[in-house]
Amino acid sequence: MTTTTATDPATLAALLDRVRAGREFGANVYSTLDVLQVLYDRVLRITPETVDDPDRDRFLLSKGHAVAGYYALLAAKGFLPVEWLDDQGGPDSRLGDHPDRTLVPGVEIGSGSLGHGLGLAVGTALGLRAQGRPDPRVYVLLGDAELDEGSNHEAIAYAGATGLGNLTAIVLDNRSASHGWPGGAASRFTVNGWSAATVDGRDHDALHTALTGHDHHRPHVVVAVVTDGK
């Protein structure tokens, strides 16, 4: 069920340029691309043919304002027609400025209001546990600034207390948060019983090792640090 074909960087860049259509993107978009590539090339057990398979892995984009790179990646992987990219944000487009799970194949949640993705991921992981499905994993991508939201603190504490071993959070740390955390972003999770890894958010091998480094007995967080301005 895993998508194993490597995404060609030039192809992804060209697809992203179709979404961009002359607009400017900031670090919120560009900082996500490497994590998304590693997830869809080497980690997630999902393909365009298995988007409704109950045993698929789930990927939740919490930072929905960074959706441009996500759309480009989904098009590169065949989840949606490439032609949809040309009208992103248009009045008749399925591709809004935030993703909509009812309109875009492969999208698991509608997101954009920061602070909700991790809570939804916790609920999804709990639901899979209740259904007796031990194999699917839930991955959720957060921005570092989202950790300022109290709802995430509650989700972190609850996931650790209940030992949600099928949950992985990825915190994209591009230094946009207004509040820090003693010991770095990972310590906010480990103090609540999570396992953690902090890696270079551009290093694909390091990201893959970290994303697959969970022990199945507790939730896992990967802090992907991107400090190059993009």
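The values are calculated or read from the model by the stated rules, or taken from the named source; none is laboratory data. What you are looking at is a predicted structure, and each value in this text was computed from that prediction instead of being measured. Neighbour counts are summed over all protein chains in view; Cβ atoms, including those assigned to glycine, are modelled from backbone coordinates with ideal geometry. Heads up: the accessible areas ignore ligands, DNA and RNA and are worked out on the full protein's heavy atoms, side chains in. Shrake-Rupley method; radii C 1.70, N 1.55, O 1.52, S 1.80 Å.
List of remarks:
- With Cα atoms as the point set, the radius of gyration and Dmax of the stretch 157-230 evaluate to 12.3, 37 Å.
- Local electrostatic count, residue 88, Cβ distance below 13 Å [Lys/Arg +1, Asp/Glu -1]: -3
- Summarised as an ellipsoid, the stretch 18-96 has semi-axes of 22, 16, 11 Å, derived from the eigenvalues of the Cα gyration tensor scaled by 5 and square-rooted, with the largest first.
- The stretch 79-226, accessible area per residue, ligands and nucleic acids excluded (1.4 Å, Å²): 44
- Note on the stretch 102-184: Cα Rg divided by 2.2 N^0.38 Å, N the number of residues, gives 1.15.
- D (Stokes-Einstein, µm²/s), Kirkwood Cα radius, the stretch 104-152, 0.890 mPa s at 25 °C: 205
- Solvent-accessible surface (1.4 angstrom probe) belonging to residue 109, in square angstrom, nearest 10: 20
- Counting all C-alpha pairs of the chain, share separated by more than 33 Å (%): 10
- Largest GNM mean-square fluctuation across 32, 209, 47, computed for the chain with C-alpha springs under 10 Å, falls on 209.
- The stretch 163-203 versus the stretch 107-126: alpha-carbon centroid distance in Å: 17
- When the chain is treated as a Gaussian network with alpha carbon springs shorter than 10 Å, the biggest mean-square fluctuation among 139, 30, 40 belongs to 30.
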